[in-house]
Amino acid sequence: MDIDWKAEIEAAARRIAPHLLRTPVLRHDTLCAQPLELKLEQMQHTGSFKVRGAFNTLLSREVPEAGLVAASGGNHGAAVAHAARALGHWARIYVPELAGAAKIALIRSLGADLVVVPGAYGDALAAALEYEAETGAMQIHAYDAPGTVAGQGTVFREWEAQGLEADTVLVAVGGGGLIAGAMAWFDGRRKVVAVEPERAPTLARALEQGPETEVEVSGIAANALGARRIGRICHDLARAQGVKSVLVSDAAILAAQKTLWQAARQLVEPAGAAALAAVLSGAYRPAPGERLAVLVCGANMTPDIARNIVRA
């Protein structure tokens, strides 16, 4: 795919700026054995970075009378619903049952026509594609579309404008739209490390076995990092740039959630803590002197998980 990613991300940043929050950066000295830079993107509208890609897509394409359709594990659906309402469009969102009560309630509160389907993200995507074919609605893909990737890339453009100093940036991976945005923006200028749950190693398996590889997904972060197949844009950028994936356990993700709350008073969903888990657990071991940055990317969790973290 021959795309001038820097130009696309610059254009996306101008396009979506009126609709976004400029999320803060935290430099923390005590989360682990070395200083870390954290980008707190879980403080974005709807609790995740996903609104960037949603707004960029809607503002760069003509929306048909049939409106919009999207499949989501939860956060993308909320982002599309939010962007659609802000711009005056009708949207239907398909989510799997495992999206969880909190994300389902959030999407409903944003006014979208919500359909909950049995199974996982892949089942929701199949239903959304069928609806698109039947109605002519515009599909807003959660991760494998240039407009989505360029929108997510604005996170990293913004971060550099805020003074990012790190040599290495760790990013959680589900379908790959966010880390594709990182790779597209940095283009080798900084090291990008993919972090995936052990029970959803989608990019890791695709890099080993090919881009069409599908994996079974489960675990505490599956409602956000649960794509069974990696996006082709992500795969091709990772292959070209030599990006590697490190895997973290559910226990490590839960420990990172607790650390973020106890040390920094940041309450995040499992997917939002996954990248930090790689550092805290030792799944990623930096070289001497290597400066690290971690993207914290999602805030939408069920109340019972939130209570358990706060009580810990």
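General remarks:
- Only one of 158, 165, 212 that is surrounded by fewer than 17 Cβ atoms within 10 Å (Cβ to Cβ) and more than 24 Å from residue 282 (Cα to Cα): 212
- The helices (runs of 4 or more DSSP H) found wholly in the stretch 210-288 and carrying at least 2 residues that are over 24 Å from residue 103 (Cα atoms) and not hydrophobic (A, V, I, L, M, F, W, C) occupy 232-241.
- Scan of the stretch 62-113 for residues that are out of contact with any strand residue (DSSP E or B) (no Cβ under 7 Å at 6 or more places or on another chain), buried (at least 24 other Cβ atoms within 10 Å of the Cβ) and more than 18 Å from residue 44 (Cα to Cα), ordered by number: 99
- Failed item in (1) in contact (Cβ under 8 Å) with a residue 40 or more places away in the chain; (2) outside any helix (DSSP H, G or I), with residue 21 passing the rest: (1)
- Within the stretch 170-220, the set of residues being at pLDDT 95 or above and hydroxyl-bearing (Ser, Thr, Tyr) comprises 202, 213.
- Some residue of the stretch 8-17 being surrounded by fewer than 21 Cβ atoms within 10 Å (Cβ to Cβ), free of Cβ contacts under 8 Å to residues at least 12 places away in the same chain, aliphatic (A, V, I, L, M) and assigned to a helix (DSSP H, G or I): yes
- The condition of being within 16 Å of the chain's Cα centre (by Cα) and either farther than 21 Å from residue 159 by Cβ or among the hydrophobic types (A, V, I, L, M, F, W, C) (or both) does not hold for residue 240.
- Scanning the stretch 108-128 for residues that are farther than 22 Å from residue 219 by Cβ and touching a residue at least 24 places away in the same chain (Cβ under 8 Å) gives 110, 111, 112, 114, 127, 128.
- Test: residue in the stretch 289-301 that is more than 17 Å from the chain's Cα centre (by Cα), surrounded by 14 or more Cβ atoms within 10 Å (Cβ to Cβ) and modelled with pLDDT of 95 or more: yes
- Taken as a whole, the stretch 188-207 holds at least one residue that is outside any loop (DSSP other than H, G, I, E, B), among the acidic types (Asp, Glu) and either touching a residue at least 60 places away in the same chain (Cβ under 8 Å) or within 30 Å of residue 63 (Cα to Cα) (or both).
- Residue-level analysis places residue 275 outside the set of residues that are hydrophobic (A, V, I, L, M, F, W, C), within 15 Å of the chain's Cα centre (by Cα) and within 24 Å of residue 126 (Cβ to Cβ).
The values are calculated or read from the model by the stated rules, or taken from the named source; none is laboratory data. Worth saying up front: this structure is predicted, and the values here are computed from it rather than measured. No Cβ is skipped: glycine too gets one built from the backbone with ideal geometry, and neighbour counts run over all protein chains shown.
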